[in-house]
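Every read-out reported here was derived from the displayed coordinates using simple, explicitly stated rules and does not represent laboratory data. Since we're looking at a predicted model, the values are computed, not measured. Cβ sites come from the backbone with ideal geometry, for glycine too, and all protein chains shown count toward neighbours.
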Amino acid sequence: MILFGALAAGFTFAEDAPVEAAFSDEEDWPEMDLEARVAAVSDGELRFVGPERAAETHRHVNRIRIGEESLSEGWIELTQCHENLDAVRAAQILFGAERIRGLEVVSAQGIGRAWVEGPSVQLTDIAPGARLCIRAESRAMYALGDGRYRLRNGPYMRRFLDGYYPMQVVLDVSYPADRLALVQHQPAAQPGFEVRAESGHVAVDAAFEGRLFTCLDFCETGSSDCELAVSDCSQ
């Protein structure tokens, strides 16, 4: 859930975890040309962009470990770093309470204060180029039946008012190669969405604007039928 006050404005950086930032008055927005920013935003439709448009934008790095227990319980280990955060007075990273546990702040640079409050990380006095790393367990692995599993993440987005700005997302996923094989992914590889896969490891680099969901579909090794029915990753 993302809420903004009637006179407030904010950026949202999300992966099932909106970051909300609010100001008491538009004049408080640091180094922000409002008309230029509003003119630059997209309407939320997913569009992959080139490196020149994504350069120096918010970068969201996720290191994910899928363990044996993830296949039965759905919980994966997550280390998440936010780089090039927008300079705002206050923001929060808010997770769904039922999908996060063991949340902790690992490091914070260029941030006055960062602390865990329930299923959220609260931030104050964020300087230009700030960086935050957090660690948690996330329930993001889903059993599809017949030895099939899906790692689903998103939506990732960088939102301001009713528009979306370019951002970068990196996924670095490790999994037990003796148990699983990657059989498909969504979106498909294309300019702005690069996937590199080898046994036990998948790396994804995305540069986009709008809302991005990602799905990595696995099958248990040795299965006689690993063809997965394609379902919309955004659902």
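For Gly67, nonlocal amide neighbours, meaning residues 5 or more places apart or on other chains whose placed amide H falls under 5 Å from its own, are Glu77. Once the Cβ-Cβ distance of Ala189 and Glu69 is raised to the sixth power relative to R0 = 22 Å, the FRET efficiency obtained is 0.15. With a simple spin-label model that places each label point 7 Å from the Cα along the Cα-to-Cβ direction, the separation between Glu104 and Thr79 comes to 1.3 nm. Close amide H contacts of Leu85 (hydrogens built in the peptide plane, cut-off under 5 Å, sequence separation of 5 or more or a different chain): Gly129, Ala130.
Basic side chains Lys and Arg get +1 at the Cβ, acidic Asp and Glu get -1 at the Cβ, and with that the dipole of the range 80-167 about its Cα centre reaches some 220 debye.
What the Cβ-Cβ distance of Ala87 and Asp146 gives, at R0 = 35 Å and to the nearest 0.05, is a FRET efficiency of 0.10. For the range 129-168, the ratio of Cα radius of gyration to the globular rule of thumb 2.2 N^0.38 Å stands at 1.73. Across the range 82-92, computed HN-Hα scalar couplings (Karplus, 6.51 cos²θ - 1.76 cosθ + 1.60, θ = phi - 60°) run 10, 10, 6, 5, 5, 6, 9, 6, 8, 8, 8 Hz from first to last residue, x flagging Gly and Pro. Using only Cα coordinates, the Kirkwood hydrodynamic radius of the range 94-158 works out to 13.7 Å. Amide H contacts of His58 (H built 1.01 Å from N, in plane; Pro and chain starts excluded): Gln168 sit under 5 Å, all sequence-distant by 5 or more or on other chains.
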